[in-house]
1. If every alpha-carbon in region 36-142 counts as one equal scatterer, what log10 I(q)/I(0) does Debye give at q = 0.10, 0.14, 0.16 1/Å?
2. Residue by residue, what Karplus-based ³J(HN,Hα) values in Hz, rounded to whole numbers, does region 121-135 have, using 6.51, -1.76 and 1.60 with θ = phi - 60° and x for Gly and Pro?
3. Using modelled backbone amide H atoms (1.01 Å from N, in-plane), which distant-in-sequence or interchain residues come within less than 5 Å of Leu14's amide H?
4. Along region 98-113, what does the Karplus equation 6.51 cos²θ - 1.76 cosθ + 1.60 (θ = phi - 60°) give for ³J(HN,Hα), rounded to whole Hz, x for Gly and Pro?
5. Taking only the C-alpha atoms, wrap a convex hull around the chain and report its volume per residue in Å³ as a whole number.
6. Can you give me the angle between helix 189-219 and the longest principal axis of the chain, using Cα atoms only, in degrees from 0 to 90, rounded to the nearest 10?
7. So what J values fall out for region 156-161 if you push phi through Karplus, 6.51 cos²θ - 1.76 cosθ + 1.60 with θ = phi - 60°, rounded to Hz, Gly and Pro as x?
8. When N counts the residues of region 104-218, how does its alpha-carbon radius of gyration compare numerically with 2.2 N^0.38 Å, as a ratio?
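Since every read-out is calculated from the coordinates, none of them should be taken as a lab result. These numbers were taken from a predicted model, which means no experiment stands behind them. Cβ placement follows ideal geometry from the backbone for every residue including glycine, while neighbour counts extend to all protein chains displayed.
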Amino acid sequence: MTIARNNSDDYMLLYDSYDKSKCIYISTYENWAKQKNVDLISQFIYDRLYNRYLKMFDFQDSKYRSHFVSGFAIMANCCLLIETIESFYRGWNNSNGKSETAFLKFFTRDTCFAMYAHSDFPSIFYKDIRCSILHQGETSGGWKISCKHSKNPLDIGVSTIYAFQFHSTLKKSLDNYRTELLNCEWESQVWRSLRTKMKAIILNCKKEKAQGAREKIGEGVL
């Protein structure tokens with residue numbers, strides 16, 4: 001969101017390093033929205049979130065996965081993505097004061113993680129995994145993060161999260177969100193929520209521009 005065309009209001013929403021002609025700007029999204037193009041917008045949302053939070057951990061080089069990937073980094077990104085997906089799904093402008101609610105609703109709603117929606121596990125995950133990693137750089141409550149292979153993303157019995165499997169399962173959740181968008185009508189609740197969230201994202205881009213202008217004025221550039 002920090003790069004704009006010559007038109008300073010047309011910020012980039014998705015960057016493609018391989019083919020810059022495929023970069024998506026605010027004007028691109030707004031044109032698709034006018035056309036009610038559910039196919040292109042659904043794919044754009046998937047690509048935007050996948051590229052930001054999951055793609056870097058799908059690199060299959062064995063040396064990279066063995067020596068450079070951290071389970072904590074994977075889970076930090078996964079926690080950010082859960083909150084982002086749920087903000088899109090609920091049509092929240094932001095998740096201020098709603099972070100725990102986002103995790104409660106996600107684990108309750110999402111079919112890929114349905115087995116973990118029981119009891120108070122969503123709250124435990126939020127406090128001992130999400131908050132502890134993002135605010136302290138470590139887990140709490142006896143939870144461990146492992147990069148070992150596992151069939152399941154986590155094992156409540158031994159308080160262990162298997163980072164790569166959690167990442168793969170969350171990728172399925174993101175794909176399910178794309179599929180739901182593709183299968184729903186433009187005026188459905190899931191699409192109204194997405195459009196509300198996109199309006200907030202676009203407004204944030206323009207706030208970023210305004211802040212940049214204020215900083216230049218302060219530096220005597222303008």
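1. Ignoring solvent entirely, the Cα scatterers give -0.34, -0.65, -0.84.
2. Values per residue, Gly and Pro as x: 4, x, 5, 4, 4, 4, 7, 8, 10, 4, 5, 5, 5, 6, 9 Hz.
3. Answer set, sorted by chain and number: Ile24.
4. Residue by residue, region 98-113 yields 10, 4, 5, 4, 4, 6, 4, 5, 4, 5, 6, 8, 6, 5, 5, 10 Hz.
5. On the way: hull volume 35.5 nm³, N = 222.
Dividing the Cα hull volume of the chain by its residues yields 160 Å³.
6. Tilt of helix 189-219: around 60 degrees.
7. 5, x, 10, 6, 10, 10
8. Values: Rg = 18.8 Å, N = 115, 2.2 N^0.38 = 13.4 Å.
The value comes to 1.41.
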